[in-house]
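In what follows, a structure is listed as structure tokens, so that the remarks can point back to it.
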Amino acid sequence: MKISLYVIPDLERVSGGPRTRISLFKKIFKKNGNYIYYKKNKLNTLFKKTSIAYVESATNRIALIDIPSLFFLRLRSKKTIVFIRDIYIELFPEEYKTFRSKITYFFNKLSNFYLTLIATSMVFPTEEMGEVFFKKNKFFPKRPFTDLPPGTHDITPNRIPPDFSEKLGILYLGSLGYTNSGYQNFITFAETYNNQYNFFILSGDKDLKEKVTATHIKLGKVPRKAIPQFITDNNIAYAFHTRPRNMYDDITFPIKVFDFLSFQLPFFSERHAPVQKLLGNDYPIFASFENNEEIHRKIKSINPQEYQELLSLLKEIAVNNTYDKRYKKLLEQ
């Protein structure tokens, strides 16, 4: 079956999760001999027929060249599946009050309308996001939708458990810049249990040293491929996913969760609805970051055998949620 991938954003202008997601989808589509429309070849949609066209719209903003290209894509494809990454403008319209932000709001809305118009079906990180999207955009044409979360990749083949006879390490991974990252919860825990654990923050933030002045927290930036070895070298046993619960974070998927799964690194997290659905209700280290004593108690109570069971659970979930699996889900639609 010949299918195609249409990439709206320029990968040089996006970063983090969106860049990772699109890069990995491009790799899988290329491996399977499919068409990829990106940058200068977008108008080639006029000449090639496909059974399924998949559109990655990580920025939720189309350019002028995308208007005719997407029209031809829809015309030349039996199915056109469009991915919407987030619905921030739908949930927080009050944040778009200045003249410049109003322009952003208008063009994002217009882009989303056009993407919905050319779609035969749509995918979102979670089904709940799709429900809110159409609830907030009642004048948009209604399309069937499902979920297509990020995925796991480069899964660590044989995770070496930490040495429980030594001081354990705890990791915070990713940017501190997101308003709702909750990274302060990690810092507070590190201040309280400085003598009990070693603490690490791996982030690409340029102002990392300005945000984190505590000398007992080791800061750094490590390429993703080197993180599994970093975890082993520093006896890191757990990570903290510190985002607090709110309506927005309960309908989206932070890509770092899939990184933790790929690394088979057990992580503490609030019971975000999509994370709980992914890990299961019985995941043993869901936690409230308002109760540091309880998190500390859980760390101390988990023995090596229970820890190994956690690693096995995470690996099973990781294997079942690869980008190859996401690709196969597209073929089934």
Among residues of segment 143-173, those that are assigned to a strand (DSSP E or B), surrounded by 20 or more Cβ atoms within 10 Å (Cβ to Cβ) and of a type outside the set (A, V, I, L, M, F, W, C), counted = 3
What is the number of the single condition among (1) within 19 Å of Gly17 (Cα to Cα); (2) open to solvent by 10 Å² or more (accessible area, probe 1.4 Å); (3) assigned to a helix (DSSP H, G or I) that Tyr248 does not meet?
-> (3)
Would you mind stating whether Leu176 is free of Cβ contacts under 8 Å to residues at least 60 places away in the same chain, touching a helix residue (DSSP H, G or I) at 6+ places or on another chain (Cβ under 6 Å) and in a strand (DSSP E or B)?
-> no
Tell me, which helices (runs of 4 or more DSSP H) wholly within segment 1-120 include 2 or more residues that are open to solvent by 40 Å² or more (accessible area, probe 1.4 Å) and of a type in the set (Val, Ile, Thr)?
-> 99-118
When segment 179-199 is checked residue by residue, the ones that are over 25 Å from the mean Cα position of the chain (by Cα), surrounded by fewer than 16 Cβ atoms within 10 Å (Cβ to Cβ) and free of Cβ contacts under 8 Å to residues at least 60 places away in the same chain are Glu191, Asn194, Asn195
Boolean, Phe140 is in a loop (DSSP other than H, G, I, E, B), out of contact with any strand residue (DSSP E or B) (no Cβ under 6 Å at 6 or more places or on another chain) and surrounded by fewer than 21 Cβ atoms within 10 Å (Cβ to Cβ) = yes
The correct count of residues that are farther than 17 Å from Gln264 by Cα and open to solvent by 30 Å² or more (accessible area, probe 1.4 Å) in segment 293-318 is 7
Unique residue being modelled with pLDDT of 95 or more and more than 22 Å from the chain's Cα centre (by Cα) when the list is Phe47, Phe99, Phe71 = Phe71
Qualifying positions in segment 131-173 - of a type in the set (Gly, Ala, Ser), over 25 Å from Leu219 (Cβ atoms) and touching a residue at least 24 places away in the same chain (Cβ under 8 Å) = Gly151
Quick one: in segment 258-292, which of the residues that are in a loop (DSSP other than H, G, I, E, B) and under 18 Å from Pro162 (Cβ atoms) is most open to solvent (accessible area, probe 1.4 Å)?
-> Pro284
Scanning segment 302-333 residue by residue, those within 24 Å of the chain's Cα centre (by Cα) and not in a helix (DSSP H, G or I) turn out to be Asn320, Asn321, Thr322, Gln333
Look at Ser57 and say whether it is more than 27 Å from Tyr105 (Cβ to Cβ) and in contact (Cβ under 8 Å) with a residue 40 or more places away in the chain.
-> no
What about Phe186, is it of a type in the set (Phe, Trp, Tyr) and in contact with a Ser or Thr (Cβ under 8 Å, 6 or more places away or on another chain)?
-> yes
Test Ile299 against the criterion of being of a type in the set (Val, Ile, Thr), more than 30 Å from Asn34 (Cβ to Cβ), more than 15 Å from the chain's Cα centre (by Cα) and outside any loop (DSSP other than H, G, I, E, B), and give yes or no.
-> yes
Members of segment 213-245 that are charged (D, E, K, R) and part of a helix (DSSP H, G or I) | Arg224, Lys225, Asp233
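The values are calculated or read from the model by the stated rules, or taken from the named source; none is laboratory data. Because the structure is a prediction, the values reported are computed rather than measured. Note that we place each Cβ from the backbone using ideal geometry, even for glycine, and neighbour counts take in every protein chain shown. Please note that ligands, DNA and RNA were not included when accessible areas were found on the heavy atoms of the full protein model with its side chains. Shrake-Rupley method; radii C 1.70, N 1.55, O 1.52, S 1.80 Å.
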